[in-house]
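Read the structure below first, then the notes.
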Amino acid sequence: MKKIVLTLAFALALNTLSAQNEKIETKPVGFNQWSFELSGGFNKPQRPMTSGYYTTIVSPYTADLGIRYMFNNKFGLKTDFGYSSFTDKDGSMPFDTKYYRADLQGVVNLGRIMSFENWTNTFGLLGHAGFGLSFLERKDPTYLKDKMGNFMIGVTGQIKLSDRIALTGDFTTITNAKQNVAFDGSSPDNIQGFN
């Protein structure tokens, strides 16, 4: 009986050792999990604006730097930092304000969900939404800085140029909470909720 127990113990030990030596093969993911985004574009502040202050219909300029991580080929997270400049249009009272923001957003690969790969490998579509912090700053005639929270939602079209590079076009709307001054920085805005 002792020999049988020792033989079984020895066999189990060898089996365990051989199991630890096996290489575990991992399948390649098949898509880029990490994406770095650099973008520039235009903006249009809607409200609040002080009476007599306004911008052009499409105002330059906005810049954005973001990092996106996809958990799988449909869902991911994105963090980004943005900058927008708001300036007066001819006929408006003069102003120059800057809008800074940092956000954390969920990302949905709408192109994958809608099976774009069945008819194209060139075009993609992402949806994104999330929350963040924003700052509105004016330097003249007196320094002013307004801190607020924001909610944003948007959609991004993609044109694949290579396996690692895509050209994108994005439309995003941002609403602010606890904004104390208008985007021109010239009048108070005491709406406490999202505006």
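The values are calculated or read from the model by the stated rules, or taken from the named source; none is laboratory data. Just so you know, these numbers come straight off a predicted model, no measurement behind them. Using ideal geometry, Cβ is built from the backbone for each residue, glycine included, and neighbour counts are taken over all protein chains shown. Only protein heavy atoms, including side chains, enter the accessible area calculation; ligands, DNA and RNA are left aside. Shrake-Rupley method; radii C 1.70, N 1.55, O 1.52, S 1.80 Å.
In terms of solvent-accessible area of protein heavy atoms at a 1.4 angstrom probe, what is the ranking of Leu144, Leu126, Leu161, highest value first? Don't jump to the answer; show the numbers that get you there.
On the way: Leu144 35, Leu126 10, Leu161 115 Å².
Ranked from most to least accessible, the order is Leu161, Leu144, Leu126.
Highest mean first, the peptides 115-121, 146-152 sorted by other C-beta atoms within 10 Å per residue fall in the order 146-152, 115-121.
Residue pairs exceeding 26 angstrom between C-alpha atoms, taken from Lys78/Lys139; Lys44/Lys160; Lys74/Lys178; Lys78/Lys98; Lys44/Lys147: Lys78/Lys139; Lys44/Lys160; Lys74/Lys178. The heavy atoms of Thr142 present about 80 square angstrom of accessible area, all protein chains included, probe 1.4 Å. Relative to the current alpha-carbon distance between Ile165 and Lys98, full extension at 0.36 nm per residue lengthens the span by 21.1 nm.
Can you list which of the trypsin sites (Lys or Arg not before Pro) found in region 77-144 are DSSP loop residues with at most 12 other C-beta atoms within 10 Å? Write out the running numbers ahead of the final one.
Details: sites: Lys78, Lys89, Lys98, Arg101, Arg112, Arg138, Lys139; in loops: Lys89, Lys139.
Those that pass, being in a loop and sparsely packed, are Lys89, Lys139.
Averaged per residue, what accessible surface does region 141-180 expose to a 1.4 Å probe, in Å²? Please list the in-between numbers first.
Values: 2630 Å² over 40 residues.
Result: 66 Å² per residue.
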